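Student: So that we are looking at the same thing, I have put the structure below in C-alpha cells.
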Amino acid sequence: MSDPFFSHIQHALQQRRLQHLYRTRRIVDGVQSTRIVVDGKPCLSFCSNDYLGLANHPDVVRALTDSAAREGVGSGAAHLISGHNRAHHELELELADFVQRPRALLFSTGYMANLGTIQALLDNKDAVFEDRLNHASLIDAGLSSGARFRRYPHHDIANLKKLLLSSNADKKLIVTDGVFSMDGDIAPLDKLVDAAQAHNAWLMVDDAHGLGVLGEQGRGSLEQYQLTMQQVPVLMGTLGKAFGSFGAFVAGNDDLIEFLIQEARTYIYTTALPPAIAEATRTSLRIARQDNWRRQQLHNLIQRFRQGAQQLGLSLLDSRTPIQGLVLGDSDAAINLANRLFDNDILVSAIRPPTVPVNSARLRITFSALHQEQDVDQLLSCLETVL
Ligand SMILES: *Cc1c(COP(=O)(O)O)cnc(C)c1O
C-alpha cells in the first residue's frame, strides 16, 4: 500500500523541481562580512541584511564572549520562569529609549514577535488589514489570529479605505512592513495613519529593515515620517538585521507591553534568548546610534549603484534603501543571472515565488556600510559583462 505521506512529499518535491522553485542551501565558512566564503569559494557578497556591518564588530563580539564567559550560554528558562536576565532587562530599557517609547519587550525572533503580538491583539470578532507584500510572518500572524483577514494591493490606500469602510469588526488592525523586505520601498505611513484614524483602527509597523538604517538617528521609517506612538501604537523591530545580532522586540506603551507579557504565547512559551546575545545587542545598538557614518556610507553606495545601473539601462525597483531589486520576471532568468555572477565571485540572491509574486523573480541586492565604492563598481561591471 502506498504511504500517503511519502507520496505527498515526493509529489511536492517533484513539483518544485519542475517549476524551478527547488531551494538549496550554500554553506558559509568563516566571518560574516561583505567578503564571505561560500561553498569553499571566496566571494563578494550582496546578500546580507547586516546593513550597518555590525555582525562582526570587535566590540560586539567582545560583549558576547565576555558575557558568555561570566554567565554561560543558555538562559535556562522562559522569561516568566527564571530566564529573564538583567541583560534582557537593560536591553529592553535601551531599545525603548532608542525608539522613544515607554516600553519595549524582547522576543526570540521577529517571526515570533509578529505571531505573538497579532494573535494576542485580535480574535474572531476583529479584522486585520495587510499590504499584499507584507513579510510572511505578518501574513501568517494575521491568518492564524482568528480575525477576518483582508489584504490590500501594495500601497493601495484607496482599496484599504474601502475595506475598512465595509468592515463591522470590533477592533481593526492595519499591519504593514515599514520597508518592504523584498522590494526595498517604504510604506506610505502618513497615509496609513490617516486611514487608521479615520476608521478608528490601530496601525502596527514592522520596521525590520528600517531601524538602524533610515532617519538621521537610525530610528527607522517612523523617524523618517516623524510619527508618534499615538499614530503608530505598535512598533516591531528585529535585531538580526541592521543590529547584526539576533532577536526582536515590540515597543509601545506600558499597557500594551504588560498585555503582551500576559497574553503573547510566543513570548510566554519559549526559552529566553541567551543573555550574551542581549549583551552583544546592547553594544551594537550603542554603535548603531553613534556611528552616523555607517548610514551615510550606505546612502552613498546606494546612490552610486543606482546611477551606475541607470547608465547600464537596468530596471531597478524604486527604492532608496539598502534593498535594491533587479526584476527579471522569470525564475529561470533570475537563477541564471545569479549563477553567472557567482561564477565571477559575486554572491547575490535570486528571489523567486512564492517569496515574491509570480513573474516577479528578481535579484535582491543588499548593501552594507562595510562595502567600498570599488565593490559597487565591481558588481556593476560584472552585471554589464554577463547581461
Ligand atoms: C526578517 C524579518 C522578520 C523576521 O525576523 P526574524 O528575527 O528573522 O525572525 C519579520 N519581518 C520582516 C519584515 C523581516 O524582514
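The values are calculated or read from the model by the stated rules, or taken from the named source; none is laboratory data. Keep in mind it's a predicted model, so treat the numbers as computed, not measured. Cβ atoms come from the backbone with ideal geometry, glycine included; neighbour counts cover every protein chain shown. Calculation scope for accessible area: heavy atoms of the full protein, side chains included, ligands and nucleic acids excluded. Shrake-Rupley method; radii C 1.70, N 1.55, O 1.52, S 1.80 Å.
Student: Gain in length, residue 339 to residue 28, computed as 0.36 nm per residue apart minus the alpha-carbon separation, to one decimal in nm? Intermediate values should be presented prior to the final figure.
Tutor: Details: separation 311, 0.36 × 311 = 111.96 nm, distance 1.64 nm.
The residue 339-residue 28 span can extend by a further 110.3 nm.
Student: Now a separate question. What does the helix-only formula give at 222 nm for the chain: each DSSP H stretch with n ≥ 4 adding -39500 (n - 2.57), the total divided by the residues, and the result rounded to the nearest 500 deg cm²/dmol? Let's see the in-between values first.
Tutor: Numbers: 14 runs with 165 residues, N = 387.
The helix-only estimate for the chain comes to -13000 deg cm²/dmol at 222 nm.
Student: Among rounded, prolate and oblate, which fits the range 297-384 when a ≥ b ≥ c are the square roots of the eigenvalues of its C-alpha gyration tensor, a/c under 1.5 means rounded, and a/b larger than b/c means prolate? Don't jump to the answer; show the numbers that get you there.
Tutor: Numbers: a/c = 1.77, a/b = 1.43, b/c = 1.23.
In terms of gyration-tensor shape, prolate.
Student: Sequence gap of 8 or more, or different chains, plus Cα separation below 13 Å: how many lysine pairs satisfy both in the chain?
Tutor: Details: 125/171; 125/172; 161/172; 161/191.
Going through the chain pair by pair, I get 4.
Student: Which whole-Hz couplings ³J(HN,Hα) result when phi for each residue of the range 183-194 is put into the Karplus expression 6.51 cos²θ - 1.76 cosθ + 1.60, θ = phi - 60°, listed in order with x for Gly and Pro?
Tutor: Values per residue, Gly and Pro as x: 9, x, 7, 9, 5, x, 5, 4, 6, 5, 4, 4 Hz.
Student: Using the crude model of +1 on Lys and Arg Cβ and -1 on Asp and Glu Cβ, and no other charge, please compute the dipole size for the range 247-316 relative to its Cα centre, in debye to 20.
Tutor: Working: 8 positive and 6 negative charges, 126 e Å.
Here the size comes out at about 600 debye.
Student: Let me ask something additional. Where does the longest stretch of the chain lie that holds no chymotrypsin sites (Phe, Trp or Tyr not before Pro) found in a DSSP loop with 16 or fewer other Cβ atoms within 10 Å? List each step's numbers first, then the result.
Tutor: Values: sites that count: 22, 269.
Of all site-free stretches, the longest is 23-268.
Student: Among 355-361, 189-195, how do they line up by average Cβ neighbours within 10 Å per residue, starting with the highest? The partial results should precede the final answer.
Tutor: On the way: 355-361: 16.6, 189-195: 18.7.
Ranking, from highest mean packing down: 189-195, 355-361.
Student: Also, I was wondering about something else. Does the chain come out rounded, prolate or oblate, given a ≥ b ≥ c as the square roots of the eigenvalues of its C-alpha gyration tensor, rounded meaning a/c under 1.5 and, failing that, prolate meaning a/b above b/c?
Tutor: On the way: a/c = 1.36, a/b = 1.17, b/c = 1.17.
Judged from the Cα gyration tensor, the chain comes out rounded (a/c under 1.5).
Student: Taking amide hydrogens as modeled 1.01 Å from N in the peptide plane, which residues meet the under 5 Å criterion relative to residue 371, leaving out close sequence neighbours?
Tutor: The answer is none.
Student: Whole angstrom only: what separates the Cα centroid of the range 140-198 from the Cα centroid of the range 329-387?
Tutor: About 30 Å separates the Cα centre of the range 140-198 from the one of the range 329-387.
Student: By the scheme Lys and Arg +1, Asp and Glu -1, what is the net charge of all other residues having a beta-carbon under 15 Å from that of residue 338? Please report the intermediate quantities before stating the final value.
Tutor: Numbers: positive: 23, 25, 26, 41, 340, 352, 362, 364; negative: 39, 330, 332, 343, 345.
Neighbour charge sum, excluding residue 338 itself: +3.
Student: Moving on to the next point. I'd like the antiparallel share, as a percent to the nearest 5, of DSSP beta bridges with both residues in the chain. Present the calculation step by step, with values, prior to reporting the outcome.
Tutor: Details: 27 of 46 bridges.
Taking every DSSP beta bridge with both residues in the chain, the antiparallel ones total about 60 percent.
Student: Measure out, as a whole number of angstrom, how far apart the alpha-carbon centroids of the range 217-293 and the range 1-25 sit.
Tutor: Taking the Cα centre of each part, the range 217-293 and the range 1-25 sit 38 Å apart.
Student: Nearest 20 debye, what's the magnitude of the dipole of the chain about its Cα centre given +1 on Lys and Arg Cβ and -1 on Asp and Glu Cβ? If you can, show how the numbers build up before the last one.
Tutor: Values: 37 positive and 42 negative charges, 114 e Å.
It comes to approximately 540 debye.
Student: Please give me the summed charge of the neighbours of residue 117: other residues whose Cβ is under 11 Å from its Cβ, Lys and Arg +1, Asp and Glu -1.
Tutor: -1
Student: Here's another thing I want to ask about it. Which value, in Å² and to the nearest 10, is the accessible area of residue 382 when all protein chains are kept and the probe is 1.4 Å?
Tutor: Rounded to the nearest 10, that gives 10 Å².
Student: How much accessible area per residue does the range 166-256 have, counting only protein heavy atoms and a probe of 1.4 Å, in square angstrom?
Tutor: On the way: 3040 Å² over 91 residues.
Ligands and nucleic acids excluded, the figure is 33 Å² per residue.
Student: Let me ask another. Magnitude of the Cβ-charge dipole of the range 1-140, K/R +1 and D/E -1, about the Cα centre, nearest 20 debye?
Tutor: Working: 14 positive and 16 negative charges, 113 e Å.
Approximately 540 debye in magnitude.
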